[in-house]
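Novice: Okay, handing you the structure first.
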Amino acid sequence: MTALRCALAGLLLVLAVSSPTPAQPEAIDVLLNRVEAALTGGDRQAFAALTTMSAGDQRLQVFLERWLLPSTTRATVHERERVERGGPQALRLTVEVLVEAGREGRLATWRLDLERGASGWRIVSAATLSVVEGLFRLAIDETSQYRARNLVVTAEDLELRLDDGVVFFARVPSGATVAVLLGKGEMTFTPGPDAERRQIALLTGGPSLRQSFTAATIRLNPADLASRLPADRLTAVPVDRRQLLQAQQVFADEVGKSFSVDLADLSRETWSLIPSIGNILAEVRTRKYGTLTYAHDGSDQEDISVFDRARRRNLSIYSSKAKLASRGPFFDEDAGAEFDVLDYNVDTTFVPERLWMEGRTRLRVKVRAYALSALTLRLADRLVVRSVSSDIHGRLLYLRVRNQNSLVVNLPEPLERDDELTLIVSYAGRHEPQGVDRENMAVAPQVPRAELGQLRGQANELAFAEPEPHYLYSNRSYWYAQAPQSDYATATIRFTVPAAFGAVCSGEPATGSPVTLRAMGDEAPRRLFVFAATTPLRYLSCVVSRFGAVETREVTIGQTTLLLRMTSTARQRGRGREVLAKTAEIMEFYGTLIGEIPYPSLSLAVLESQVPGGHAPGYVAIVNQPLPTTPFVWRDDPASFDDFPDFFLAHELAHQWWGQAVGWQNYHEQWLSEGFAQYFAALFAERHRGPEVFGDIVRQLARWTLKESDQGPVYLGYRLGHLRGEGRVFRALVYNKGGAVLHMLRRLLGDDVFFAGMRRFYREYKFRKASTEDLRRAFEAESGRSLDMFFSRWIYGQDVPTATVKWQVVNGGRAVRIDVQQAGDAVFEFPVTVTRIYKDGSEETETAAITTTLTTIERPLKAPLRDVEVNGDRLTPVRLKR
């Protein structure tokens with residue numbers, strides 16, 4: 001993605017700056033001040049006088065014609081870096097420059113080569129390294145105002161109606177790019193996709209979001225103005241000072257939220273880029289929800305969205321009709337990736353007491369685009385970038401995307417497809433860790449101490465222990481410079497912490513790690529932990545706590561030996577040993593089931609907390625152990641299985657295969673990780689505790705599926721429960737319904753075909769990102785039958801089947817005919833257990849496949865029949881009537 005496209009697609013941009021090198025500032029500053037003066041007004045003679053280049057030098061003429069223009073009204077030049085060129089009398093400066101012509105600006109990085117002679121420092125060479133053009137300081141036009149009558153502003157699935165109000169514009173040379181609407185208006189948003197309408201209905205009770213508004217700010221390309229705001233609905237009127245001030249205040253509040261570049265020390269004013277043709281963004285001030293942001297940005301795979309700024313939640317996000325027509329209903333988030341990261345080298349120093357992090361990431365990048373002039377990376381907003389450089393170009397110009405954890409790196413010249421580049425990004429700042437809560441359960445309100453004491457037979461004065469603190473930096477904290485989407489790469493991590501702490505990171509610990517570093521001056525002693533991941537990872541993680549000694553165990557699967565390492569906080573040492581032993585058993589079972597273990601080692605970090613939780617990046621499993629004195633309970637949660645306490649650990653360990661070795665193409669496909677992990681944990685329970693416990697687990701999967709399916713399809717991923725902030729919905733559907741779907745598929749296909757299809761899927765997508773369609777094709781290849789309807793109903797749809805069951809004895813009492821009649825237009829495929837119960841107390845049980853609107857099952861009878869039960873074991877999430 002180019003820097004311009006990133007700015008248009010992203011929100012607030014801010015230029016990252018580092019402190020100039022302080023060596024001999026006075027003389028250099030004098031020279032740069034003279035450069036600024038020459039730029040202002042385009043005084044070419046004054047600039048030429050600062051150089052040693054001759055008037056006929058072609059390089060000088062090209063530079064002057066580009067930068068020394070009479071239209072320039074202001075210029076700012078700041079030094080960013082200097083290096084000696086063969087001695088102290090010759091320097092190479094990298095400077096950043098903002099050149100303004102009225103309200104239009106250009107941002108550039110220059111390289112100035114200087115030499116010091118008898119008359120002081122002179123420029124011997126000047127070159128432009130990078131340029132960002134088309135920057136504007138927008139302002140409301142104070143000279144014009146329009147009255148709006150029956151004005152309707154439309155975008156796909158959006159209507160803003162202003163029957164009577166006023167409109168002000170902010171303009172650029174090519175026309176108006178911002179419109180501020182004032183008055184009593186109405187916003188109507190009706191998403192096209194059925195799943196999105198049903199999500200809106202959870203919020204509003206109907207398929208549309210209708211809200212009155214008092215003001216709306218519309219950002220668009222000037223070329224789209226006539227089609228978006230019909231001129232015949234606008235009448236020029238004299239400017240009303242009060243309304244002008246109101247429009248200016250609305251504009252000031254909204255203009256910095258999108259398409260804006262904050263140039264930090266180059267300019268304290270807000271600079272903006274112009275949306276691409278066809279794109280539109282509306283900030284709508286509603287009475288009930290505050291500001292709602294509608295955006296249609298063609299550069300995104302899901303290019304239509306409505307965002308609730310106050311609550312920081314997506315109300316809706318999906319692909320436009322044009323996007324669907326061009327690529328179909330499914331997408332891979334990597335399909336438009338302009339580069340791949342092949343390898344990371346991350347060097348980080350972390351101080352837990354201050355949450356202070358200093359780091360440097362070296363990324364080896366391979367270009368996928370046919371031409372690449374800028375790269376977008378992810379990095380936490382709180383981490384201040386100190387520098388970005390490359391092995392080819394040296395120091396590079398970069399922009400921060402504020403509130404988006406993004407970094408845009410400009411290249412001085414485009415790279416071509418398959419070119420490789422090494423980037424080095426240095427940064428520092430206070431950075432909050434993420435919680436170990438990817439799998440956290442919902443907890444009930446705090447139990448009163450008196451009640452808790454009674455339950456445990458303890459005194460009412462029970463002391464509540466505080467968990468040992470831990471600090472996790474992983475996929476949601478953007479603690480190192482990384483690709484915009486998770487992708488597979490090898491890595492080396494060097495992580496330094498105070499000597500009292502330990503670190504567990506992605507990869508295998510290097511020989512001799514950790515190393516105690518000698519304290520310098522007043523510094524406290526530190527330890528350096530080094531990890532190397534030669535097997536590709538989707539993302540990198542580190543967890544820090546006061547860990548104790550490491551204990552190890554080996555697991556052998558065929559010809560492969562897996563080395564397990566366990567470390568824990570002091571109070572969890574005994575529990576940690578139990579976890580290590582159980583982990584060995586689980587990993588051996590999974591390895592045998594799949595046929596291999598994807599990573600050569602696994603580091604277990606056993607932490608303590610008030611609630612269960614866990615996280616499972618490649619090479620690592622992090623497990624929260626609740627303290628005995630926790631005041632919380634979590635029984636009423638989809639992921640809580642009281643009859644099998646090891647379920648949680650088994651789920652986490654399954655992620656080494658599902659979610660890590662096999663990734664997911666986008667957030668819609670997260671069920672491939674969580675559903676498989678849930679089902680693998682159930683399979684381990686079946687082996688370890690038998691069919692009765694396994695049946696109880698599957699019934700819980702089905703029960704939560706029935707309870708929450710009306711909240712949306714599995715395919716909505718993280719957005720399930722998002723509107724209500726209810727994590728149980730997400731776990732009930734992505735975790736439990738995902739697991740229930742796999743069990744239904746197993747019963748429909750049979751064990752041999754099911755496990756063969758699962759292994760095929762794993763082999764074909766190991767260290768790749770997969771989709772539901774990929775899974776479907778793998779099972780179809782093994783079964784020889786279409787599974788399109790099965791996945792369409794159970795993954796892409798949110799309804800569950802409803803059916804009526806009737807039975808009657810036929811053939812003179814020698815057989816029974818069972819009719820299963822599905823209700824509604826949608827036909828589901830699902831297995832059910834059919835039990836024939838005889839009058840003598842005996843039973844016959846089988847699994848039957850329900851595949852059509854009316855499925856008839858006829859079976860012989862061995863004795864007089866008393867009853868027939870269909871799905872009496874409740875293993876399938878179906879609503880049956882008799």
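Novice: For segment 582-715, just say rounded, prolate or oblate: build the C-alpha gyration tensor, square-root its eigenvalues into a ≥ b ≥ c, call rounded for a/c under 1.5, and beyond that prolate if a/b exceeds b/c, oblate if not.
Specialist: Rounded.
Novice: Hey, if you drop one equal point scatterer on each alpha-carbon of segment 799-872 and run the Debye formula without solvent, what base-10 log of I(q)/I(0) do you get at q = 0.11, 0.14, 0.25, 0.28 Å⁻¹?
Specialist: Log10 of I(q)/I(0), two decimals: -0.28, -0.44, -1.14, -1.34.
Novice: Mind giving me the FRET efficiency for ALA815 and GLU726? R0 is 51 Å, r the Cβ-Cβ distance, nearest 0.05 is fine.
Specialist: For R0 = 51 Å, the calculated efficiency reads 0.60.
Novice: Report the FRET efficiency, 1/(1 + (r/R0)^6), for ALA570 and ALA519, where r is their Cβ-Cβ distance and R0 is 22 Å, rounded to 0.05.
Specialist: 0.35
Novice: Taking every DSSP beta bridge that has both residues in segment 578-698, what percent is antiparallel when rounded to the nearest 5?
Specialist: For segment 578-698, the DSSP antiparallel bridge percentage is about 25.
Novice: Kindly work out what percent of the DSSP beta bridges joining two residues of the chain are antiparallel, to the nearest 5.
Specialist: 85
Novice: Sticking with this structure for a sec: Equivalent-ellipsoid semi-axes (√(5λ), Cα gyration tensor) for the chain, whole Å, largest first?
Specialist: Computed over the chain, the values are 56, 37, 24 Å.
Novice: Which entries in LYS707/LYS737; LYS184/LYS257; LYS707/LYS881 show an alpha-carbon gap greater than 19 Å?
Specialist: Cα-Cα > 19 Å for LYS184/LYS257; rest within.
Novice: Relative to a virtual label point 7 Å from the Cα of ASP194 in the Cα→beta-carbon direction, which members of segment 306-340 show backbone nitrogen distances below 20 Å?
Specialist: 316-322, 324-325, 328-331
Novice: Compactness ratio of segment 69-168: Cα Rg over 2.2 N^0.38 Å, N = residue count?
Specialist: Taking the Cα Rg and dividing by 2.2 N^0.38 Å, one obtains 1.87.
Novice: Only bridges whose two residues both fall in segment 524-646 count here: according to DSSP, what percent of them are antiparallel, nearest 5?
Specialist: Rounded to the nearest five, the antiparallel share is 45 percent.
Novice: Further question on the same structure: Is the C-alpha gyration tensor of segment 123-230 telling us rounded, prolate or oblate? Criteria: a/c under 1.5 is rounded; beyond that, a/b larger than b/c is prolate, otherwise oblate.
Specialist: It comes out oblate by the Cα gyration axes.
Novice: Would you please classify the overall shape of segment 707-841 from the alpha carbon gyration tensor, given that a ≥ b ≥ c denote the square roots of the eigenvalues, rounded means a/c under 1.5, and beyond that prolate means a/b larger than b/c while oblate covers the rest?
Specialist: Here segment 707-841 falls in the oblate category.
Novice: On a full-extension model of 0.36 nm per residue, what is the gain between ARG882 and ARG577, subtracting their alpha-carbon distance, rounded to one decimal in nm?
Specialist: Working: separation 305, 0.36 × 305 = 109.80 nm, distance 5.19 nm.
Full-extension gain reported as 104.6 nm.
Novice: Something else about it: Using protein chains only and a probe of 1.4 angstrom, how many square angstrom of ARG777 are accessible, to the nearest 10?
Specialist: So the heavy atoms of ARG777 present about 110 Å² to solvent.
Novice: Let me ask something else. If eta is 0.692 mPa s and T is 37 °C, what Stokes-Einstein diffusion coefficient results for segment 230-367, Kirkwood Rh from Cα pairs, in µm²/s?
Specialist: On the way: Rh = 19.8 Å.
The calculation lands on 165 µm²/s.
Novice: Something else: Tell me the relative contact order for the chain as a rounded percent, counting alpha carbon contacts under 8 Å between residues six or more apart.
Specialist: Once divided by the residue count of the chain, the mean separation gives 8 percent.
Novice: So how far apart, in nm, are the two label points at GLN301 and GLU585 if each is 7 Å from Cα heading toward Cβ?
Specialist: Result: 4.0 nm between the two label points.
Novice: Assuming 0.36 nm per residue, please report the length gained on full extension of the stretch GLU420 to ASP253 beyond their Cα-Cα distance.
Specialist: Taking GLU420 through ASP253 to full extension adds about 55.9 nm, to one decimal.
Novice: Continuing with the same structure: May I ask you to give the percent of accessible area on the chain that is carbon plus sulfur, with a probe radius of 1.4 Å? Write down the numbers at each step before the final one.
Specialist: Details: 16940 of 35460 Å².
Here it works out to 48 percent.
Novice: Accessible area per residue of segment 764-882 at 1.4 Å probe, in Å²? Walk me through the numbers on the way to the answer.
Specialist: Numbers: 5610 Å² over 119 residues.
For segment 764-882, the solvent-accessible area averages 47 Å² per residue.
Novice: A further question follows. Can you pull the one-decimal nm distance between simple spin-label points at THR629 and ARG777, each 7 Å off the Cα toward Cβ?
Specialist: The modelled label-to-label distance comes out at 5.7 nm.
Novice: Here is a further query. With label points built 7 Å along Cα→Cβ from the Cα atoms of GLU159 and ASP232, find their separation and express it in nm.
Specialist: Here the answer is 1.8 nm between the modelled labels.
Novice: Calculate the FRET efficiency for SER144 and THR73 from the Cβ-Cβ distance with a Förster distance of 22 Å, rounded to the nearest 0.05.
Specialist: 0.40
Novice: If you take the charge dipole of the chain about its Cα centre, with +1 on Lys and Arg Cβ and -1 on Asp and Glu Cβ, which of ALA27, GLN559, PHE791 is farthest toward its positive end?
Specialist: PHE791
Novice: Work out, step by step, the length gained on full extension between LYS184 and TYR667: first 0.36 nm times the residue separation, then minus their alpha carbon distance; give nm to one decimal.
Specialist: 170.1 nm
Novice: OK, next. By accessible area of protein heavy atoms, probe 1.4 Å, what ranking do TYR370, TYR838 get, highest first?
Specialist: My answer, sorted largest first, is TYR370, TYR838.
The values are calculated or read from the model by the stated rules, or taken from the named source; none is laboratory data. Since this is a predicted model, take the numbers as computed values, not measurements. Note that we place each Cβ from the backbone using ideal geometry, even for glycine, and neighbour counts take in every protein chain shown. Each accessible area value is taken on the protein alone, full model and side chains, heavy atoms only, with ligands, DNA and RNA left out. Shrake-Rupley method; radii C 1.70, N 1.55, O 1.52, S 1.80 Å.
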